Amino acid sequence: MAANKGRDTKPEKLLRSALHRQGLRYRVGARPLPGLRRTADVVFRKDRVAVFVDGCYWHGCPEHHRPAKKGAAFWQEKIAGNRARDADTNEKLRDAGWLVIRVWEHEDPEAAAQEVVKAVRRRRAMNAGAQGR
């Protein structure tokens, strides 16, 4: 378990590189909300966009997750807890006005980056329109 990285995983780095090539700048491994002890993988603070790159095993990807054979009950509970925490995080951030984007580790980083870029630019346009009033 010690070899499993909590941040700077290959899928995260590929997504961040793609976002950087698109000209976006962001915070890495930051807490979107000060009182919430959870960190997003990529955070656009001014635009209130939080991006999470979820591992297929750890977050129970419906396409790739394969249940453990040893200690199955423990791991089933662990994955269920992770998914519940993800849902809670999504809800708390959305309630605070944040846009939450979740990307599975198996997704194409370039395609995921395009979705993030669109979302960030949409939020920026909305914010610019609101300030112009």
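The values are calculated or read from the model by the stated rules, or taken from the named source; none is laboratory data. Bear in mind that the values here come from a model prediction, so they are computed numbers and not experimental data. FYI the Cβ positions are ideal-geometry reconstructions off the backbone, even for glycines, and counts take in every protein chain you see. Each accessible area value is taken on the protein alone, full model and side chains, heavy atoms only, with ligands, DNA and RNA left out. Shrake-Rupley method; radii C 1.70, N 1.55, O 1.52, S 1.80 Å.
For the stretch 78-116, which residues satisfy the criterion of being in a helix (DSSP H, G or I), crowded, with 16+ Cβ neighbours inside 10 Å and among the aliphatic types (A, V, I, L, M)?
Across the stretch 78-116, the qualifying residues are I79, L93, A112, A113, V116.
Could you give me the residue pairs with C-beta distances under 6 Å whose first residue belongs to the stretch 7-28 and is within 20 Å of H106 (Cα to Cα) and modelled with pLDDT of 95 or more, whose second residue is open to solvent by 30 Å² or more (accessible area, probe 1.4 Å) and of a type in the set (A, V, I, L, M, F, W, C) wherever it lies, and which are 6+ apart or on separate chains?
Nothing qualifies.
Taking the condition of a type in the set (G, A, S), in contact with a Leu (Cβ under 8 Å, 6 or more places away or on another chain) and within 30 Å of A130 (Cα to Cα), does A30 pass? I'd like the intermediate steps shown before the answer.
Numbers: of a type in the set (G, A, S): yes; in contact with a Leu (Cβ under 8 Å, 6 or more places away or on another chain): no; within 30 Å of A130 (Cα to Cα): yes.
Considered against the rule, which asks whether it is of a type in the set (G, A, S), in contact with a Leu (Cβ under 8 Å, 6 or more places away or on another chain) and within 30 Å of A130 (Cα to Cα), A30 comes out as no.
One residue is enough: does the stretch 82-104 have a residue meeting the conditions in contact (Cβ under 8 Å) with a residue 60 or more places away in the chain, of a type outside the set (V, I, T) and touching a helix residue (DSSP H, G or I) at 6+ places or on another chain (Cβ under 9 Å)?
Yes, because at least one residue in the stretch 82-104 is in contact (Cβ under 8 Å) with a residue 60 or more places away in the chain, of a type outside the set (V, I, T) and touching a helix residue (DSSP H, G or I) at 6+ places or on another chain (Cβ under 9 Å).
What are the residues in the stretch 65-77 that are on the phi < 0 side of the Ramachandran plot and part of a loop (DSSP other than H, G, I, E, B), if any?
Applying the first criterion (on the phi < 0 side of the Ramachandran plot) to the stretch 65-77 yields 65-70, 72-77.
H65, R66, P67, A68, K69, K70, listed by residue number.
Being farther than 13 Å from A113 by Cα, more than 14 Å from the chain's Cα centre (by Cα), modelled with pLDDT of 95 or more and of a type outside the set (D, E, K, R) narrows it down to one of A84, A68, so name that one. Outline the logic, then answer.
Details: A68 fails: modelled with pLDDT of 95 or more.
So the residue among A84, A68 that is farther than 13 Å from A113 by Cα, more than 14 Å from the chain's Cα centre (by Cα), modelled with pLDDT of 95 or more and of a type outside the set (D, E, K, R) is A84.
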